[in-house]
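Only one structure is covered here, and it is reproduced in the block below.
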Amino acid sequence: MTDVLITWLAAGSIATPLVSALGLQAARSENTAHRLNRVFATVTALVGLVAAGAMLTGSSHPSTWMITDSASAIYVSVVTVVALMSALLSPAYLSGAEGRFFASDRGVRSYYLAFYGFWAALIAIPVVANLGVGLLVVEATTAASSVLVAFSGKPRALEAGWKYLILTTLGMSIAFLGVVVMFVASGAHNGGIAQLDWSVLRATLAQMPHGAAVAAYALVMLGLATKIGWAPVHNWLPDAHSEAPAPVSALLSSALLPAVMLLAWRLRDAASHAIGNTAATTPLAAFGIFSVAVAVPFLWQPMAWKRLLAYHSLEHMGIITVGIAIAGPLALAGVVLHFAGHALSKALGFYAAIPLYQIQPDASRHSARDVASSSPATFAAMAVTAITLAGLPPSPLFFSELFIILGGIATGHVLLAGTLAVLIALAFIGLLHALLEALQSAPGQDRQATPSVSRHHTVPILAPTLLIAAALLALTASAWLLPASEIVRRLAQGTT
Amino acid sequence: MISLVATACVALGLGVVVVRRRSVALALVTTQSLLLAGVALWRTGGHLELMPPAGGLLLRSIAIATILGIGIARTRETKPVRAGIEPMARAVIALAVLLAIPALVPALGFGDPNAQRGAIALGVLGIVVALTRRATILQILGIVIAENGATLAALSASSAVPDVIELGVIFDLLLIAVVASAFHTRIFGEFGSGDSAHLRELHD
């Protein structure tokens with residue numbers, strides 16, 4: 001397939017959700033909007049997956065506006081799958097939710113407008129060929145996703161959305177200051193926007209005085225850190241992920257954080273020559289290990305299910321970041337596997353919250369209990385999520401974490417790999433604790449549980465659970481092929 | 001000239017750190033934004049091809065002032081929203097951070113060292129305003145001040161920053177201002193006040 005065609009497909013995968021967002025505004029009733037959503041989501045996903053497939057088979061030469069390499073392909077395919085599932089489950093969420101953030105007569109259409117706008121931006125982040133434009137798209141995701149976080153209009157959702165909006169926008173302001181420093185200090189005043197192309201950024205940074213290059217790198221990386229939610233600038237993350245509508249929480253955790261992390265990854269690769277590999281990689285390793293360390297104590301606490309998953313986002317983004325910092329072929333195989341496995345399992349976990357809140361309305365604030373007896377299907381979804389996230393075999397995350405740790409040892413990062421192994425073990429015990437808690441009944445606790453709710457009245461969660469469990473097993477089966485694969489070989493050569 | 005403008009912008013930003021009234025703070029930030037837009041227009045030298053980013057800055061300044069002005073007018077507070085930290089303490093914090101900037105930040109290649117210090121100072125002041133003020137409108141203004149820091153840096157760079165980035169940042173900031181203003185209105189509707197102290201339910 002020619003590079004031109006691949007570029008057009010990539011552009012199409014961004015344009016299709018935008019067209020869908022506008023098309024859905026024509027719906028005159030909620031039911032029509034939901035039906036149109038199913039059609040648009042399917043078409044959008046098809047275009048996205050075809051584009052991702054083309055990127056994987058293409059020569060990955062960056063064009064003027066698009067970068068269509070292996071990393072882009074992996075991110076576009078996973079983002080597309082999660083966005084499709086979130087879109088298809090959105091009617092189930094919306095049917096039982098009130099959207100007070102928007103005017104009541106426009107609630108559903110406004111939700112879909114923001115949702116598909118967010119989808120388009122999520123696809124754009126990994127394929128945009130330029131750091132500056134990439135940051136603009138990241139900032140645009142804040143506008144779309146913050147209103148989705150606050151969709152219910154409840155005080156807690158408003159708080160989460162507001163915190164997310166203010167903190168991440170401030171972070172992006174810092175990142176833009178870093179971009180301006182790159183232009184100013186590189187001295188190439190006539191280079192234009194192309195100075196920030198991923199394929200040129202290495203040379204741009206090399207032209208800068210060392211101190212200025214380090215400062216620019218630090219400013220942009222700090223800005224990206226606030227959006228990825230790396231500790232210690234993660235303050236917004238547990239709130240936004242726990243208070244957003246479940247389909248949006250899935251997108252935030254499984255798609256947004258890793259997509260922005262790809263920008264950090266590409267930036268590290270571009271800067272390692274100019275500022276030195278140690279200076280470029282140390283912040284990633286520090287952010288990664290600190291994020292896992294900060295998450296662990298929270299994973300041991302009894303906590304509402306979605307909030308627990310939010311802290312797992314912090315943990316797993318930390319693990320992926322450490323893998324990127326290590327950067328050997330084995331660790332990168334772990335990164336790819338972890339990214340895909342985490343995305344699927346975390347999305348399922350958030351989807352399980354839709355029926356869970358129908359069965360136990362107070363589970364939005366307290367840890368869920370006795371789910372197995374009141375809704376076996378919901379419990380199955382939670383169990384698949386918990387087992388996968390805990391890294392219990394046959395979870396693909398068991399192998400990805402193993403790859404990252406062994407990759408760290410193989411490349412001489414023994415202390416980093418050892419620390420990560422200890423923290424992962426502690427997180428593992430914490431999550432199993434949460435799963436056992438969900439199994440237990442709590443006779444003395446005042447609950448609004450409605451165990452008599454008919455399974456016909458709850459959101460069908462069994463089908464997504466079976467599909468995702470099968471996909472996770474397929475990932476596990478393919479794990480051993482990854483380290484020697486063409487995908488990992490290309491990633492090891494660099495992402496810029 | 002850029003040196004004078006940088007000093008004026010920092011002084012206006014310091015004003016936002018200490019003033020009580022939202023409308024006064026909005027006036028200070030709007031003046032800051034208009035100053036930067038004025039410099040951008042002056043630097044075009046009348047060349048039409050250089051006008052879009054400069055005109056965009058001017059439109060941005062007016063649009064944000066209008067959006068937030070309407071927001072303030074529609075959400076009259078019965079009493080001023082007090083910040084958690086007293087004005088004098090806020091001023092001391094801000095001044096201490098500003099005085100530390102020359103020692104902490106290396107030379108970044110800006111032609112004018114004052115412009116560099118001013119740009120970093122505005123970024124820091126924006127963060128100080130957003131984190132120490134409780135009124136939601138003032139927190140939005142903190143973002144605008146921080147973005148003005150990046151704008152000042154770009155203006156000191158003799159047209160180095162491409163139009164795509166400048167216009168993109170302007171568009172994004174406008175989008176954020178619209179969304180943030182909608183949040184402000186919803187928060188006021190829910191709590192009867194645009195005081196972010198009401199938003200403290202979520203914690204572990």
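The values are calculated or read from the model by the stated rules, or taken from the named source; none is laboratory data. Keep in mind the model is a prediction, meaning the values are calculated, not measured. Using ideal geometry, Cβ is built from the backbone for each residue, glycine included, and neighbour counts are taken over all protein chains shown.
Hey, can you tell me all the residues within segment A:329-381 that are among the charged types (D, E, K, R) and either without any contact (Cβ under 8 Å) to a residue 60 or more places away in the chain or more than 29 Å from A:SER400 (Cα to Cα) (or both)? Residues satisfying the conditions are A:ASP362, A:ARG365, A:ARG369, A:ASP370. Within segment B:145-158, the set of residues being in contact with a Gly (Cβ under 9 Å, 6 or more places away or on another chain) and facing chain A (nearest Cβ under 7 Å) comprises B:ALA146, B:GLU147, B:GLY149, B:ALA150, B:ALA153, B:ALA157, B:SER158.
Of the numbered criteria (1) at the interface with chain A (Cβ under 8 Å from one of its Cβ atoms); (2) surrounded by fewer than 22 Cβ atoms within 10 Å (Cβ to Cβ); (3) not in a helix (DSSP H, G or I), the one B:VAL161 fails is (2). Selection of segment B:71-80 for residues being of a type in the set (A, V, I, L, M, F, W, C) and touching a helix residue (DSSP H, G or I) at 6+ places or on another chain (Cβ under 8 Å) yields only B:ILE72. Screening A:PHE398 on (1) buried (at least 24 other Cβ atoms within 10 Å of the Cβ); (2) under 21 Å from A:ALA295 (Cβ atoms) shows it passes everything except condition (1).
When restricted to residues that are free of Cβ contacts under 8 Å to residues at least 60 places away in the same chain, within 10 Å of chain A (Cβ to nearest Cβ) and more than 9 Å from the chain's Cα centre (by Cα), segment B:105-144 contains 14. Residue check: is A:VAL184 under 21 Å from B:GLY149 (Cβ atoms), within 25 Å of the chain's Cα centre (by Cα) and modelled with pLDDT under 95? It is false that A:VAL184 is under 21 Å from B:GLY149 (Cβ atoms), within 25 Å of the chain's Cα centre (by Cα) and modelled with pLDDT under 95. Number of residues in segment A:236-245 that are facing chain B (nearest Cβ under 10 Å) and more than 15 Å from A:THR142 (Cα to Cα) equals 3.
When B:ARG43 is tested against (1) closer than 30 Å to A:ASN235 by Cα; (2) within 14 Å of another protein chain (Cβ to nearest Cβ); (3) in contact (Cβ under 8 Å) with a residue 24 or more places away in the chain, only condition (1) is not met. Kindly indicate whether any position in segment A:97-106 is within 21 Å of the chain's Cα centre (by Cα), surrounded by fewer than 22 Cβ atoms within 10 Å (Cβ to Cβ) and either touching a residue at least 40 places away in the same chain (Cβ under 8 Å) or in a helix (DSSP H, G or I) (or both). No; the residues of segment A:97-106 include none that is within 21 Å of the chain's Cα centre (by Cα), surrounded by fewer than 22 Cβ atoms within 10 Å (Cβ to Cβ) and either touching a residue at least 40 places away in the same chain (Cβ under 8 Å) or in a helix (DSSP H, G or I) (or both).
The rows are residues; the columns are (1) touching a Cys at 6+ places or on another chain (Cβ under 6 Å); (2) at pLDDT below 95; (3) in a helix (DSSP H, G or I).
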{"position": "A:VAL4", "(1), (2), (3)": "no, yes, yes"}
{"position": "A:LEU24", "(1), (2), (3)": "no, no, yes"}
{"position": "A:ARG28", "(1), (2), (3)": "no, yes, no"}
{"position": "A:VAL50", "(1), (2), (3)": "no, no, yes"}
{"position": "A:ALA54", "(1), (2), (3)": "no, yes, yes"}
{"position": "A:TYR75", "(1), (2), (3)": "no, no, yes"}
{"position": "A:TYR93", "(1), (2), (3)": "no, yes, yes"}
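Taking the criterion of being surrounded by 24 or more Cβ atoms within 10 Å (Cβ to Cβ), within 24 Å of B:ALA103 (Cα to Cα) and among the β-branched types (Val, Ile, Thr), the only residue of segment A:214-241 that qualifies is A:VAL220. Can you confirm whether B:GLU166 is more than 7 Å from chain A (Cβ to nearest Cβ), within 27 Å of A:ALA140 (Cβ to Cβ) and more than 15 Å from the chain's Cα centre (by Cα)? For B:GLU166, the condition - more than 7 Å from chain A (Cβ to nearest Cβ), within 27 Å of A:ALA140 (Cβ to Cβ) and more than 15 Å from the chain's Cα centre (by Cα) - is met.
Being touching a helix residue (DSSP H, G or I) at 6+ places or on another chain (Cβ under 9 Å), on the phi < 0 side of the Ramachandran plot and more than 9 Å from chain B (Cβ to nearest Cβ) is a description that does not apply to A:VAL181.
Here is a yes/no grid of residues against (1) within 26 Å of A:ASP105 (Cβ to Cβ); (2) free of Cβ contacts under 8 Å to residues at least 24 places away in the same chain; (3) buried (at least 21 other Cβ atoms within 10 Å of the Cβ):
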{"position": "A:ALA11", "(1), (2), (3)": "no, no, no"}
{"position": "A:ALA26", "(1), (2), (3)": "yes, yes, no"}
{"position": "A:ARG38", "(1), (2), (3)": "yes, no, no"}
{"position": "A:LEU49", "(1), (2), (3)": "no, no, no"}
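Pairs are defined by a Cβ separation below 9 Å, a sequence spacing of at least 6 or placement on different chains, a first member in segment B:189-203 that is at the interface with chain A (Cβ under 9 Å from one of its Cβ atoms), and a second member that is in a helix (DSSP H, G or I) and basic (Lys, Arg); the pairs so defined are B:SER196/A:LYS163; B:LEU199/A:ARG156; B:LEU199/A:LYS163; B:GLU201/A:ARG156; B:LEU202/A:ARG156; B:LEU202/A:LYS163; B:LEU202/A:ARG307.
Condition first: out of contact with any Phe, Trp or Tyr (no Cβ under 9 Å at 6 or more places or on another chain), outside any loop (DSSP other than H, G, I, E, B), surrounded by fewer than 24 Cβ atoms within 10 Å (Cβ to Cβ) and among the small types (Gly, Ala, Ser). Can you find one or more residues in segment A:56-67 that meet it? No, segment A:56-67 contains no residue that is out of contact with any Phe, Trp or Tyr (no Cβ under 9 Å at 6 or more places or on another chain), outside any loop (DSSP other than H, G, I, E, B), surrounded by fewer than 24 Cβ atoms within 10 Å (Cβ to Cβ) and among the small types (Gly, Ala, Ser). Inside segment A:137-178, residues that are within 26 Å of B:GLY111 (Cα to Cα) and either without any contact (Cβ under 8 Å) to a residue 40 or more places away in the chain or more than 7 Å from chain B (Cβ to nearest Cβ) (or both) make up a count of 4.
Whether a residue is surrounded by 18 or more Cβ atoms within 10 Å (Cβ to Cβ), touching a Ser or Thr at 6+ places or on another chain (Cβ under 8 Å) and modelled with pLDDT of 95 or more was assessed, and B:ALA146 passes this test. Among the residues of segment A:114-136, is there at least one that is in contact with an Asp or Glu (Cβ under 6 Å, 6 or more places away or on another chain), away from chain B (no Cβ under 11 Å), within 29 Å of A:ASP362 (Cα to Cα) and not polar (S, T, N, Q)? Scanning segment A:114-136 turns up no residue that is in contact with an Asp or Glu (Cβ under 6 Å, 6 or more places away or on another chain), away from chain B (no Cβ under 11 Å), within 29 Å of A:ASP362 (Cα to Cα) and not polar (S, T, N, Q). Just checking, does segment B:50-64 include any residue being under 30 Å from B:LEU99 (Cα atoms), of a type in the set (S, T, N, Q) and touching a residue at least 40 places away in the same chain (Cβ under 8 Å)? No, that holds for no residue. In the set A:ASP370, A:ASP362, only one residue is out of contact with any helix residue (DSSP H, G or I) (no Cβ under 9 Å at 6 or more places or on another chain) and surrounded by fewer than 22 Cβ atoms within 10 Å (Cβ to Cβ); that residue is A:ASP362. Here segment A:6-22 is the region considered, the condition is being of a type in the set (Ser, Thr, Tyr) and at pLDDT 95 or above, and the residue that is nearest to A:VAL78 (Cα to Cα) is A:SER13. Among the residues of segment A:191-235, which ones are within 14 Å of chain B (Cβ to nearest Cβ) and of a type in the set (Val, Ile, Thr)? Within segment A:191-235, A:ILE193, A:VAL200, A:THR204, A:VAL214, A:VAL220, A:THR226, A:VAL233 meet the criteria.
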